[in-house]
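First comes the structure, then the notes that go with it.
The values are calculated or read from the model by the stated rules, or taken from the named source; none is laboratory data. On a predicted model such as this, the values are computed, not experimentally measured, just so you know. Cβ: placed from backbone, ideal geometry, glycine included. Neighbour counts: every protein chain shown. Accessible surface areas use protein heavy atoms only, side chains included; no ligands, DNA or RNA. Shrake-Rupley method; radii C 1.70, N 1.55, O 1.52, S 1.80 Å.
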Amino acid sequence: MHFSIPDLQQFRDDNGLTYTGFNIHIDGFYHCTARFKQLLSLHEQLQSQYSYFKLPQFPPKKFFLTSSQLEERRIVLEKYIQLIGQNPVLANSGILMTFLLTAQQETHNVKVHVVDIEISLMNGYRIPLSVSSTDTSSTVLDIACNYVNLPKDLTKYFSLFLFNWSCAKDGQPSFKKLEDFESPYISQKYVRPEDKIVLRKSYWDPCYDMDLVQDRVSIDLLYLQIIEDIDLGWITADSETKLMLSSHESKKQKREYIELARSLRHYGRIPAGDGLTEAVNIGDMGGALINVRVSLACKELSLTSVTHPNHEQRYKVTRMRCWRITTLHSVDQSHNGSLLEEPTKNFELSFEYLISKDNLIWVTLKTENAIFISVCLQSIVDELMRQKNGEGPISPRCKRASLTYLRRDGSSQLITPSSSSDTLSSINGDSCTSGSSREIFSVQKLTEKFASVAFKTGKDCVENNAFEAIGDEEL
């Protein structure tokens, strides 16, 4: 998981006292707001549960902090939670999962009640469901799959996503996988209300398609998704192939349609927006900075020249030793030379790539979609590692654990795996405001306006467990 705390908020409680809440983003999207003492409580419970681990150092308690000290605390808390997210044991711990789900519920002041939601298939068909407002993604997925009569043993091949069709048509990142530490109802209603909750396959390797074509329901889901991916331009085909696909579609020849689509070059491709890179093999530009369109597919990342669409550079994920994201902050100036209030943020994704035996180079891609690309790369690596261990797709259901949840007001409640969706008992209704039922009177943005992070040392990179050493003859 990629954690960040890009900003913080000031709140006033019922007694008129102010406190600070830190806005936690996961994989590039806002998830919840938590106080310092809530994160400290989480840290202490993780430390107790994993006493054999040396957890990252938690920042010390301080009172009556100035604005600059609050900013320092934000930076240190962000570093702390990022280290937690990079540890596979801690990141998947039941304690953390329970905390994140409960914090999301408290942040949006959502009570436990039955709600009506819609799950869309890729052809726009909508599945009406009645679920609990705090049901996790895996619970809602099970209900949706049961509604369409998908066999239980095939549910693991699918996931729920928040999907934006407008972004999809523009070749931009258009979806977010709904994880089991969040409620689909809360994530859609309060974070991305313009998106639809859709049911899509959740694997990268097309070999798993063969497991789906054997069943009547799963082949329909796969078939509908492929048709939409072609209509969106994610999968490209020449005019002759399009005629053949149209013929299969008109005759309801689903297997033949899928088989032909699987033979296409960009089958399974996921667009990841535009970027700038100095990759030397794209468009024969000799190392010049060029505009590229980024996409990901099974085991590879592709960069296609915007000006020369036939020029494409493909990078195998198994040859990426590691990668990392860097945020570069700069401040624009107004016409009179004064600094504008908001910094301009640029993101870079860099990966160390094995181009020949014992020859590693750094490839840098400047793109605002760096986090999305990183999440996709990690997902590909996870699938490769499961395959290496002889395992296939797995259910998205996370293991839950008991947690003493400290509320913002200082009271606490024991949340257990057997309690109803790990929910808070004292929350009385949905709030019309995000963050708290109390008045929000200010938002403090980043003050780190001139920071640029130097890297390429390999420190703090995401290590690729699927990296494979190769010989020159394999290049």
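Tell me the net charge near residue 151. Cut-off is 15 Å between Cβ atoms, residue 151 excluded, with +1 for each Lys or Arg and -1 for each Asp or Glu. Every neighbour counted, the sum reads -1. Between residue 200 and 159, 161, the built amide H atoms are under 5 Å apart, and every one of these is 5 or more places off in sequence or on another chain. Modelled spin labels at residue 75 and residue 189, positioned 7 Å past Cα toward Cβ, are 3.9 nm from each other.
Note on the range 164-306: with neighbouring protein chains present and a 1.4 Å probe, carbon and sulfur make up 48 percent of its accessible heavy-atom surface. Along the Cα-to-Cβ line of residue 252, 7 Å from the Cα, sits a label point; which residues in the range 210-245 have backbone N less than 16 Å from it? Answer for the range 210-245: 216-221, 223-224.
For residue 127 and residue 91, a Förster radius of 25 Å and the Cβ-Cβ distance give a FRET efficiency of 0.20, rounded to the nearest 0.05.
Applying D = kT/(6 pi eta Rh) to the range 44-158, where Rh is the Kirkwood radius over alpha-carbon pairs, T corresponds to 25 °C and eta to 0.890 mPa s, the Stokes-Einstein value obtained is 138 µm²/s. Compute the relative contact order of the range 164-255 as a whole-number percentage, counting only Cα pairs closer than 8 Å that sit 6 or more residues apart in sequence. So the answer I get is 23 percent.
The calculated FRET efficiency for residue 63 paired with residue 276, based on their beta-carbon distance and R0 = 41 Å, is about 0.35.
Taking every alpha-carbon pair under 8 Å whose residues sit at least 6 apart, the range 94-209 reaches a relative contact order of 30 percent. Using every pair of separate Cα atoms, the Kirkwood estimate puts the hydrodynamic radius of the range 76-218 at 16.6 angstrom. Binning all Cα-Cα separations of the range 1-94 at 5 Å, short to long from zero, yields these whole-percent fractions: 3, 12, 23, 26, 18, 11, 6, 2, 0.
Each part gets one Cα centre, and for the range 387-403 versus the range 18-67 those centres are 26 Å apart.
Can you work out the FRET efficiency for the pair residue 463 and residue 172, with r the C-beta to C-beta distance and R0 = 22 Å, to the nearest 0.05? Computed FRET efficiency for residue 463 and residue 172: 0.20. Our estimate of slack between residue 409 and residue 216, defined as 0.36 nm per intervening residue step minus the Cα-Cα distance, is 64.3 nm. For the cross-link pairs 54/366; 37/189; 201/388; 201/254, the ones whose C-alpha atoms lie over 23 Å apart are 54/366; 37/189. Once the Cα-Cα distance is subtracted from the 0.36 nm per residue extended length, the residue 391 to residue 54 segment shows a gain of 118.3 nm.
Packing-based ranking of 399-406, 126-133 yields 399-406, 126-133, ordered from highest to lowest mean Cβ neighbour count within 10 Å.
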